[in-house]
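J.: There's a structure below that I have some questions on.
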Amino acid sequence: MPVFGLQDLISLVISAFIILPVVIFLRELGYVITSAVFGVVNPRLTIGSGPRVFKFWIFDVRRYYHLYSWFSYDDLKRKGKFVYVLIYAGPILINLVPALVLNALIANDVITEYVTFWNRFLFYQFYYVLFDVVPMKTINGMPNNGMVIYEMLRYGKRVDYNTDPFIPSTTEVEEEYQEEMEEIEEQIEEMEEATEEMNEADDGQEVRRDSKEDEEDRKERKMGGMENS
C-alpha cells in the first residue's frame, strides 16, 4: 500500500488550491473590514502577483498564483493606538471566530458531512491565527501582526525599529506595479529587437550563401562548356 496515494494527492490539491487561498483571502479581508470602520482611504486587496488581469472596486487580481495576496491603503480618517491595534487584530479575528464556531459545530455533530475537508480548513485557520498572534519577525525581517500589536501597545507606535509601514500604501504599490510592467515591456522590446537582428543576420548569411552557390554554378557551367569545346 503506497504511503502517498491518489487520495492524498487529491487532498493536497484541494488544500493548495481551495482551502489555503480562501483562508488567506479571509485573513486579508480582516484588514479590509476593520480599516473600513475607521475611514480607510484608497484601500486595495491584491490577489496574486505579476501582471494585472483586471481591477474591480478594491480588488486587484493578478495573473500568477492566487495564494499570494496582500492589503494596502493610503490613509485613515481616524487614527490612534487602538485603531491600529484593531486593524492588525482584524486578520486574526476573522479567522479565529469562524474557526471556533466551525470547531463547535463539528464537535457537536452538527456538521457530519465532508468532515475531513472542514477539519483541514480548521487546521489552516488555526495555523494562520497562531503565526499572527505570537509576536515574531517573518522571514523577510518584517514583524507579524502579533509583534505590531505588541509594539503598539507597549511603545505607542507601529514598530520602534522599522520606519516602513507594515501595511503598504496603495499609491506606492500602484507606482511600483507600473514601473515593473514598464521594465518587463522594455525587456520584451529588447528581446524582440535582438531576435530581429539575429533574423536579419541569418537572412544576410543566407543571401551570401545563395550568391556564392550561384557563382559556383556559373563557374562549373563555364568550365563544362570549355571542356566540350
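J.: Quick one: in the stretch 60-79, of everything that is at pLDDT 85 or above and open to solvent by less than 50 Å² (accessible area, probe 1.4 Å), which residue is farthest from Ile18 (Cα to Cα)?
T.: Of everything passing the filter in the stretch 60-79, Leu76 is farthest from Ile18 (Cα to Cα).
J.: Pick from the stretch 131-158 the residues that are surrounded by fewer than 18 Cβ atoms within 10 Å (Cβ to Cβ) and of a type in the set (Val, Ile, Thr): which of them is farthest from Leu86 (Cα to Cα)?
T.: Among those residues, the one meeting the criterion is Ile139.
J.: Tell me, please, whether a residue that is in a helix (DSSP H, G or I) and buried (at least 18 other Cβ atoms within 10 Å of the Cβ) can be found in the stretch 34-50.
T.: yes
J.: Just one of the numbered conditions (1) closer than 25 Å to Val37 by Cα; (2) in contact with a strand residue (DSSP E or B) (Cβ under 6 Å, 6 or more places away or on another chain) is not true of Arg62; which one?
T.: Of the numbered conditions (1) closer than 25 Å to Val37 by Cα; (2) in contact with a strand residue (DSSP E or B) (Cβ under 6 Å, 6 or more places away or on another chain), the odd one out for Arg62 is (1).
J.: I've got another one for you. Taking the condition assigned to a helix (DSSP H, G or I), modelled with pLDDT under 90 and not aromatic (Phe, Trp, Tyr), does Arg154 pass?
T.: In short, yes.
J.: Pick out the one residue from Pro91, Pro98 that is touching a Phe, Trp or Tyr at 6+ places or on another chain (Cβ under 8 Å), assigned to a helix (DSSP H, G or I) and either open to solvent by 20 Å² or more (accessible area, probe 1.4 Å) or within 15 Å of Phe25 (Cα to Cα) (or both).
T.: Pro91
J.: Cβ-Cβ under 8 Å, sequence separation 6+ or interchain: first residue in the stretch 159-177 and under 18 Å from Ile58 (Cβ atoms) and assigned to a helix (DSSP H, G or I), partner at pLDDT below 85 and of a type in the set (Gly, Ala, Ser). Which pairs?
T.: Every condition considered, no pair remains.
J.: Of the residues in the stretch 112-130, how many are modelled with pLDDT under 90 and surrounded by 13 or more Cβ atoms within 10 Å (Cβ to Cβ)?
T.: Total meeting the criteria: 0.
The values are calculated or read from the model by the stated rules, or taken from the named source; none is laboratory data. All figures in this text were calculated on a predicted structure; none of them were measured in a lab. We place every Cβ from the backbone using ideal geometry, glycine too, and count neighbours over all the protein chains shown. To get the accessible areas, we keep the full protein, side chains included, count just its heavy atoms, and leave off ligands, DNA and RNA. Shrake-Rupley method; radii C 1.70, N 1.55, O 1.52, S 1.80 Å.
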